[in-house]
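Undergrad: Before we start, here is the structure in question, set down as structure tokens.
The values are calculated or read from the model by the stated rules, or taken from the named source; none is laboratory data. As the structure is a computational prediction, the values presented were derived from the model and not from experiment. Cβ: placed from backbone, ideal geometry, glycine included. Neighbour counts: every protein chain shown. Ligands, DNA and RNA are stripped out before the accessible areas are found, and what is left, the full protein with its side chains, is counted by its heavy atoms. Shrake-Rupley method; radii C 1.70, N 1.55, O 1.52, S 1.80 Å.
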Amino acid sequence: MKEHNFKDFVLLLEQLEKESGRIAMREILARFLKECSDLEIEAVVYLTLGKVAPDYKEIILGVSNALCLKVLARVAGYSERTIKARFNEVGDIGELAHQVLKPRDTPPVTINWVFEQIIKLSKDTKIEYKLDVMAATLVKLQPIEAKYYFRILLEQLRVGVQEPTVLEALTLAKLGSLDELDQVRRAYHLCGDVGYVAKVLYSKGLSAIKEFKVSCGLPIVPMLAKPLKSSEELFEKTEGQLVVEYKYDGLRVQAHICDSDHIELFSRNLGRYTEQFPDLVEYLRESVQVFPCILEGEIIAYDFETDEILPFQLLVRRRGRKYDIEEMSKEIPVALMVFDILLYQSKELIDLPFEERRAILLKALKPHPHVKIINSEKVTNVEQIEIIFQKAIQDGTEGLIGKHIKSRYVPGKRGIGWFKLKRDYQSHLADTIDCVVIGAYHGTGRRAGSYGSLLCAIKSADGVYRTVCKLGSGITDEMVDTLPQMLEPLKLNKPPKNVNVSSEMEPDIWFEPKIVLEVEAAEITLSPIHTAAFGKIHPNVGLALRFPRLKRFRDDKSPEDITTEDELIELYRQQPQQKVVRSADIQALMFSGRKRTVRKKERKVADEKQKTLDSFF
Ligand code: AMP
């Protein structure tokens, strides 16, 4: 099979960019992947996702806007000043490159060649080196190719394709139908690397995909818990065969102890925590003596003198830190509360029932003050759950996780055997909502010069971000100061792809959906202005969060992990005593003509209407 030129790939990206339906994107991608060889499939898959490797491989290209503008000026033959001025007008380096570069009379380059040139950038941190590599690449690219080259370098590809779509397209392309999709997904869940899965599928076929195993050093996509409203429901869902455990409020970690010199810590999001928590690596070295072993647990900040769990806000000061790590580990000591074991002495454990994994876990760990096994209490009735739940709250945890004792560990799945019961005093909601920021409104008063509120969205099954609240509450003064800087790289001059926002909610500034926030709310109400679950509960209305309040930034989660539309609908239905709202009442609140441009006044009216609608509940 002939290798594809980068130009062919760019045409694919252009096609994908124009398409917004997930299924249509999958078909377009599958058609292209069908023509790819096993030698290029890895590069194609990563580049379609706008990456060069999975995040946990930490391949850092170290390319900034400034560097791109410098190289563009050099290759296009303009002064840096001119290029910067043009950039300020255009606002997108890819687009600018397309405009200022001239068509070239050079032989076409392949996808693999461009991929290798991009990877080369990670080999040296010197600016001069990067400039030379980029310039040498750019002189071989046509203007349209340069557009996407820069977007990839700056992680701004934004064609809207995510891992689930790639897995489906790969399956369709190589196996002709989606019948074996679960096998391909499983392989991905066991290594967190879609490029590698693609390579194995293409070079060795389905039989090799079926042989994927848990492997020390490769993160497993974590199993998740489904929110429930009551102890009764928990008892029912687990058929009365359950244990309950405290739900610690910390950072989930998967610890891979491959041998005493090779220990890796992975985040919930398949990133790496290893360098950020060297103290924890050391504690694990001391407490685990049989390798290889994969443990899962929650890192919490802990005061060993008073024997108290410290607030999550302290713990997050350790995350993402590159400097002063040693001092920080003394200032904010941590403990790992281990709740599962997935591999022990090379034996894969995920398909064993929970109670058997637990028995192995109890044997695997040497007692250590910083590495503790979570208490797991077998219960036989609802009253026992209630008592432990109250105690969990008194002890400062978030609530309980209930686990069916026969449940297997199912990577990447929510609600198969694991359930959560959370404390939410004033709320009717069983859980907080994870949403992504897609826009912001200018602030006034104390927030002048920054953002007053953020437009937040959840995600529907077809991959569209739909708004669920305008969030102002819970944003501290400190955050008000840092928000503009934090959101600056994500600014867009038009709505991001795949969003559905009503004209009344159009923000002053749009952002690429990247920052995930955990939001608490009093309840979920019907909404005439938000687009989440639009038309799914009542015609012409969506769902919105009532009294939303920022709980925290979730940089351990990606937009892939946010609350889905179906989950939101389920939470809405779980709420106690939903009042019946006459559809006439809702109609009366609806806007008639929906205009594209919105004035502040209209927005105020929209807010008022939402409040009025809230008062029905
Ligand atoms: P969620 O991530 O929303 O599915 O909620 C489950 C989260 O609770 C996990 O990702 C863990 O980070 C955290 N957690 C805290 N304690 C436990 C526990 N005992 N078992 C499982 N997860 C726990």
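Undergrad: Efficiency by 1/(1 + (r/R0)^6): what FRET value for residue 182 and residue 90, r their Cβ-Cβ distance, R0 = 35 Å, to the nearest 0.05?
TA: 0.20
Undergrad: Using θ = phi - 60° and the Karplus curve 6.51 cos²θ - 1.76 cosθ + 1.60, what whole-Hz ³J(HN,Hα) does each residue of the stretch 149-160 get, with Gly and Pro shown as x?
TA: In residue order, the calculated couplings are 4, 5, 4, 5, 4, 8, 6, 10, 5, 6, 7, x Hz.
Undergrad: Can you give me the long-range amide H partners of residue 453? Hydrogens built in the peptide plane at 1.01 Å from N, cutoff under 5 Å, separation of 5 or more residues or another chain.
TA: Long-range HN contacts for residue 453: 441.
Undergrad: Which entries of 102/123; 204/491; 126/413 have Cα-Cα distances beyond 32 Å here?
TA: The pairs that break the limit, which is 32 Å between Cα atoms, are 204/491; 126/413.
Undergrad: Under the rule of at least 5 residues apart or a separate chain, name every residue whose amide H is placed under 5 Å from the amide H of residue 499.
TA: 465
Undergrad: Per DSSP helix of 4 or more residues, -39500 (n - 2.57); summed, then divided by the residues of the chain. What does that give at 222 nm, rounded to the nearest 500?
TA: -11000 deg cm²/dmol
Undergrad: Moving to a separate point now. Based on the Cα coordinates of the stretch 530-580, what is the per residue volume of their convex hull in Å³?
TA: So the per-residue hull volume is 108 Å³.
Undergrad: Could you give the accessible area per residue of the stretch 372-441, probe 1.4 Å, as a whole number in Å²?
TA: 42 Å²
Undergrad: While we're here: Just grab the label-to-label distance for residue 8 and residue 485, each label 7 Å out from Cα along the Cβ direction, in nm (one decimal).
TA: About 4.7 nm, to one decimal.
Undergrad: By a straight-distance test (C-alpha under 13 Å), which aspartates and glutamates pair with residue 7 as possible cross-link partners, with residues fewer than eight away in the same chain excluded?
TA: Candidates past the 8-residue exclusion: 145.
Undergrad: Still on this structure: Note the direction-averaged projected area, equal to a quarter of the hull surface, for the Cα convex hull of the stretch 272-409, in nm².
TA: 9.1 nm²
Undergrad: I would also like to ask the following. Given H placed 1.01 Å from N in the peptide plane, which residues other than close sequence neighbours of residue 551 have an amide H under 5 Å from its amide H?
TA: 518, 519, 520
Undergrad: How large is ³J(HN,Hα) for each residue in the stretch 440-456, as worked out from phi by the Karplus curve 6.51 cos²θ - 1.76 cosθ + 1.60 (θ = phi - 60°), to whole Hz, x for Gly and Pro?
TA: 8, 10, 4, x, 10, x, 5, 9, 4, x, 10, 9, x, 8, 10, 9, 10
Undergrad: If you don't mind, there's one more thing I want to ask. What do you get for Rg/Rh over the chain if you use C-alpha atoms and the Kirkwood form of Rh?
TA: Ratio of gyration radius to Kirkwood radius: 0.97.
Undergrad: Among the aspartates and glutamates, which fall within straight-line cross-link reach of residue 330, defined as a Cα-Cα distance under 17 Å, with same-chain neighbours fewer than 8 residues apart omitted?
TA: Correct list for residue 330: 275, 279, 282, 303, 305, 307, 308.
Undergrad: Given a Förster distance of 22 Å, report the FRET efficiency between residue 477 and residue 64 from their Cβ-Cβ distance, rounded to the nearest 0.05.
TA: Working from the Cβ atoms, E equals 0.15.
Undergrad: I want to check the label-to-label distance for residue 386 and residue 211. Put each point 7 Å from Cα in the C-beta direction and report it in nm to one decimal.
TA: For the pair residue 386/residue 211, the computed spacing is 5.5 nm.
Undergrad: Right, another one. Which distance in nm do the two modelled labels at residue 237 and residue 442 give, with both placed 7 Å along the Cα-to-Cβ direction?
TA: 4.5 nm
Undergrad: Less than 15 Å from a label point 7 Å out along the Cα-to-Cβ axis of residue 321: which backbone N atoms in the stretch 243-262 qualify, by residue?
TA: It comes to 251, nothing else.
Undergrad: Relative contact order of the chain: what whole-number percent is it, with Cα pairs under 8 angstrom and at least 6 residues apart?
TA: 11 percent
Undergrad: Could you give each residue of the stretch 290-299 its phi-based ³J(HN,Hα) in whole Hz, using Karplus coefficients 6.51, -1.76, 1.60 with θ = phi - 60°, and x for Gly or Pro?
TA: Listing the rounded values in order: 10, 10, x, 8, 10, 10, 10, x, 10, 7 Hz.
Undergrad: What is the percent carbon and sulfur in the accessible area of the stretch 359-416, measuring with a 1.4 Å probe over the protein chains and ignoring ligands?
TA: Ligands and nucleic acids excluded, carbon and sulfur give 54 percent.
Undergrad: Quick check: Cα centre of the stretch 23-80 to Cα centre of the stretch 267-346, how many Å?
TA: 34 Å
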